[in-house]
Amino acid sequence: MSGIVIYFSRAGENYFGGELKNIEKGNTEVIAEYIHEIAGADLFKVEPKVEYPSDYMKCIDVAKKEFAKNARPEIKEELEDISVYDTVYIGFPNWWGTLPMAMFTQLEKLDFSGKAVKPFVTHEGSGFGTSNKDLKKLCTGADIKKGLSIPGAKVYDAKNIVRAWIDE
């Protein structure tokens, strides 16, 4: 069985464990790399053509405007085909209750028919929000499995949790 992790992650200033902190690697990317290591899944990072500001408050303002407009920001590289994969792990931080809009840009382009989709989210208390509903729309034809919700401040202690979730 082959898998791929499609994820969005943002380094820089982040809300982390109750305070703003500058991080070199985004929380979602940490989990994506665990999945790559444990399950042998390929990695595909969704990156916007125009980077989000590294300042947290400016970033969330841009994200809020994108969400309000239901925007589809351009991305640097598009994944065009997932037909060779059985399992698709979809990872993202919770932004305004759902996936970052750049993830919508990418996921809308893919055919999820017959795929097992395993979503995971990093957050600071909001869990999946409404993203499960959005994933059902974005991943038409997929069997969406139980997701994994991890507080961003706990990603470096979550490897065994990720391993157990992969094995479910």
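Just so it is clear, none of the values below were taken in a lab; they were calculated from the coordinates. All figures in this text were calculated on a predicted structure; none of them were measured in a lab. In this analysis, Cβ positions are derived from the backbone assuming ideal geometry, glycine residues included, and neighbour counts consider all displayed protein chains.
Per the Kirkwood definition applied to all pairs of different Cα atoms, how many angstroms is the hydrodynamic radius of segment 93-168?
13.1 Å
Do the alpha carbons of any pairs in Lys25/Lys49; Lys58/Lys115; Lys21/Lys145; Lys45/Lys145; Lys49/Lys118 sit beyond 29 Å of each other, and which pairs?
Those over the limit are Lys58/Lys115; Lys21/Lys145.
With a sphere of radius 13 Å drawn around the Cβ of Leu148, what net charge do the other residues whose Cβ falls strictly inside it have (Lys, Arg +1; Asp, Glu -1)?
+4
Please list, in chain and number order, the residues 5+ apart from Asn14 or on another chain whose amide H is under 5 Å from its amide H, with Hs placed from the backbone.
Residues meeting the amide H criterion: Lys21, Asn22, Ile23.
Going through the DSSP H helices of the chain, which span 15 Å or more along their own axis at the Cα atoms while scoring at least 0.0 as a mean Kyte-Doolittle hydropathy? Write down the numbers at each step before the final one.
Working: long enough: 27-39 (18 Å, 0.16); 56-69 (20 Å, -0.31).
Sorted by number, the helices that extend far enough and score high enough are 27-39.
Using a basic spin-label model with each label point 7 Å from the Cα along Cα→Cβ, how many nm lie between Glu37 and Asp157?
Calculated label separation equals 1.7 nm.
Give me Rg/Rg_expected for the chain, where Rg uses Cα atoms only and Rg_expected = 2.2 N^0.38 Å with N residues.
0.96
For the residue pair Asp86 and Lys58, what label-to-label distance in nm results when each label sits 7 Å from Cα along the Cα-to-beta-carbon direction?
That separation, rounded to one decimal, is 4.6 nm.
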